[in-house]
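Visitor: Mind looking over this structure? Questions follow.
Bear in mind these aren't lab numbers, they're just calculated from the coordinates by the rules spelled out. Here the structure is a predicted model, which is why all the values come from computation and not from measurement. As a convention, Cβ positions derive from the backbone with ideal geometry for all residues, glycine included, and neighbour counts pool all protein chains shown.
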Amino acid sequence: MIKSLYVRVVLTFLGAIFISGAIAALLINSLYIGQIKTMVQNDMIESGKIIIKAYQDEKGQNLDSLMKGVSSLPLYSVRLYDNEGKQLYTSRKEISEQESRDEANIQSVLQGGVFRSQLNKGKKEGLTVGIPFSIDGSPRALFISPEISELLNKVGNFMRSQLLIVLGCGSILILLAARYIVLPLQQLTRATRRMAKGDFSVSLHTKRNDEIGQLTRSFNVMAQELGTLEGIRKQFVSDVSHEFQSPLTSIKGFTQALKRKDMDEASRLRLLNIIEEESDRLSRLCGDLLQLSTLEYEHLQLVPESFSLDEQLRKIVIALEPQWSAKKVNLELELPSITIVADEDRLSQIWSNLLSNSIKFTGEDGLISITAIEQEDQVRIQIADTGVGMPEEEIRNIFKPFYKVDKARSREVGGSGIGLSIVKRVVDLHHGHIEVTSALRKGTTVTVQLPLNYSTPES
């Protein structure tokens, strides 16, 4: 039970209240009790002087004069002792416990000392003071003690009761407040368990704007993203199954056809070419999957080296010439001399994937432009085409693994939906940035920004 966050929050709040109460009591006791004691004792000494003066005026003969002075102290008990320590007067008829304790201090006061009781723990001397004076040269001792202890006890009991009530009400409010704090976390826990079982449709409603509200909204976004990714994964499994099954079926069928002895040489070569093409298709798909897996490896290290970026881009254009020339696509290059320090092989993957995509989705007599601009310590490469484009709402998903904007068209033009995921991962590894702008039937522009001098984490 102690592992519950709810119990921990409650215990933390209660512990903080009781500890702060104890500290406050200690501070009050150390800062104020001593001052109150001194103030009360000083007041009793001044009042005792009134009694002594009245008693001395009558030369110790008239108790009525004494009572006149005592009447000025209705909340105190007064005791008078002669030079032998015998009690001459007490304002209380019954012998109090305080009077029996006076005996230990009478002689000290008769010898001229002023007695002040100490508020030591474990003792019950109260706030008694003893004042010396004399009548016709005979020493006397006057002891004064407050008679408000019972009232103070009642006030103390009241204060303690009030404190207990406050603590009780505070504890109840803390239980409710902790419930308010922990309840959304409990809901998040239940929702997380549902999501762990594959239910990504879970959604939590909240009106809170605090950290818990932000956490809840972030959870909803995460659930939505994971649901989208799960849908993409399922679609990928379907697509990959189709991608593998289709060439395997063709290869199997054509292999069986090749077993026929009456087939002429031309037909045999045609079937062998088809088998070769399907085998290459399978090889490319496996290669893409292997590349993505390698790039996602957490400890993958790039191999930076200095090379000419503009020359690399020109080589990629030349390597893909069979593709763009077959579709009569026009290419415009604006590539000034740029030297960059980066992983040359990985950057080559970026340009090959981006340019291949532009060629695939650009119609005959279309235009693809490639420009590079050096900006301080960055380089900005832009590949723009006049192809079919894509809806704006699809742009944020295109870098997710296995995502295809148009499934039917993607099968026609080929591809597994992994290329852009590879591009995004390589750009991220180089601490760069990639941005895509597109509109249906208005073409697509991909902008890649990279540092001119990539440095490994160790350096």
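Visitor: Provide the FRET efficiency to the nearest 0.05 for the Val114-Phe18 pair, computing r from the beta carbons and using R0 = 41 Å.
Guide: Computed FRET efficiency for Val114 and Phe18: 0.50.
Visitor: Any chance you could run the full-extension gain for Gln107 through Gln323? It's 0.36 nm times the residue separation minus the Cα-Cα distance, nm to one decimal.
Guide: 65.6 nm
Visitor: Using DSSP to define loop residues, name the trypsin sites (Lys or Arg not before Pro) in the range 298-336 whose beta-carbon has at most 10 other beta-carbon atoms within 10 Å.
Guide: Within the range 298-336, the qualifying trypsin sites (Lys or Arg not before Pro) (loop, at most 10 other Cβ atoms within 10 Å) are Lys328.
Visitor: Turning to a different aspect of this structure: Quickly work out the Glu277-to-Arg380 label distance, labels modelled 7 Å from Cα along the C-beta direction, and quote it in nm with one decimal.
Guide: Label-label distance for Arg380 and Glu277, simple model: 4.2 nm.
Visitor: Follow-up. In this model, which of Lys234/Lys424; Lys261/Lys328; Lys360/Lys400; Lys37/Lys86 are farther than 31 Å apart at the alpha-carbon?
Guide: Details: Lys234/Lys424 21 Å; Lys261/Lys328 42 Å; Lys360/Lys400 19 Å; Lys37/Lys86 28 Å.
From Lys234/Lys424; Lys261/Lys328; Lys360/Lys400; Lys37/Lys86, over 31 Å: Lys261/Lys328.
Visitor: Once you put a point 7 Å from the Cα of His431 and another 7 Å from the Cα of Leu290, both along the Cβ direction, what distance in nm separates them?
Guide: Going from the His431 label point to the Leu290 one covers 3.1 nm.
Visitor: Pop out the ³J(HN,Hα) list for the range 103-111 in order, Karplus 6.51 cos²θ - 1.76 cosθ + 1.60 with θ = phi - 60°, rounded to Hz; leave Gly and Pro as x.
Guide: The phi angles translate into 4, 6, 10, 4, 4, 5, 6, 4, 7 Hz.
Visitor: Using θ = phi - 60° and the Karplus form 6.51 cos²θ - 1.76 cosθ + 1.60, what ³J(HN,Hα) does each residue of the range 384-395 get, whole Hz, x for Gly and Pro?
Guide: Those phi angles translate into 10, 10, 10, x, 6, x, 8, x, 4, 5, 8, 4 Hz.
Visitor: Please rank Asp102, Asp199, Asp262, fewest neighbouring Cβ atoms within 10 Å first, as an exposure proxy.
Guide: Exposure proxy ranking, most exposed first: Asp262, Asp199, Asp102.
Visitor: Let me ask something additional. Residues with beta-carbon under 13 Å from that of Val446, excluding Val446: net charge, scoring Lys, Arg +1 and Asp, Glu -1? Numbers along the way, then the final one.
Guide: Numbers: positive: Arg380, Lys424; negative: Asp385, Glu435.
Surrounding charge for Val446 is 0.
Visitor: Work out the charge dipole of the range 305-451 with +1 on the Cβ of Lys and Arg and -1 on the Cβ of Asp and Glu about the Cα centre, then indicate which of Val379, Ser369, Asn357 is farthest towards its positive end.
Guide: Projecting each Cα onto the dipole axis, the largest value belongs to Asn357.
Visitor: Right, next: Could you calculate the FRET efficiency of Leu333 with Met222 from 1/(1 + (r/R0)^6), where r is the beta carbon distance between them and R0 is 35 Å, rounded to 0.05?
Guide: Efficiency, from the Cβ-Cβ distance: 0.25.
Visitor: Further, regarding this structure: Beta carbons within 10 angstrom, averaged per residue: use that to sort the peptides 334-345, 443-454, 167-178, highest first.
Guide: 443-454, 334-345, 167-178
Visitor: Note the full-extension length gain between Arg270 and Ile373 as 0.36 nm times their separation in residues minus their Cα-Cα distance, in nm to one decimal.
Guide: Gain on extension, Arg270 to Ile373, equals 32.4 nm.
Visitor: Please give the contour-minus-distance gain from His205 to Arg193: 0.36 nm per residue of separation, less the Cα-Cα distance, rounded to one decimal in nm.
Guide: On the way: separation 12, 0.36 × 12 = 4.32 nm, distance 1.70 nm.
Separation in residues times 0.36 nm, less the Cα-Cα distance, equals 2.6 nm.
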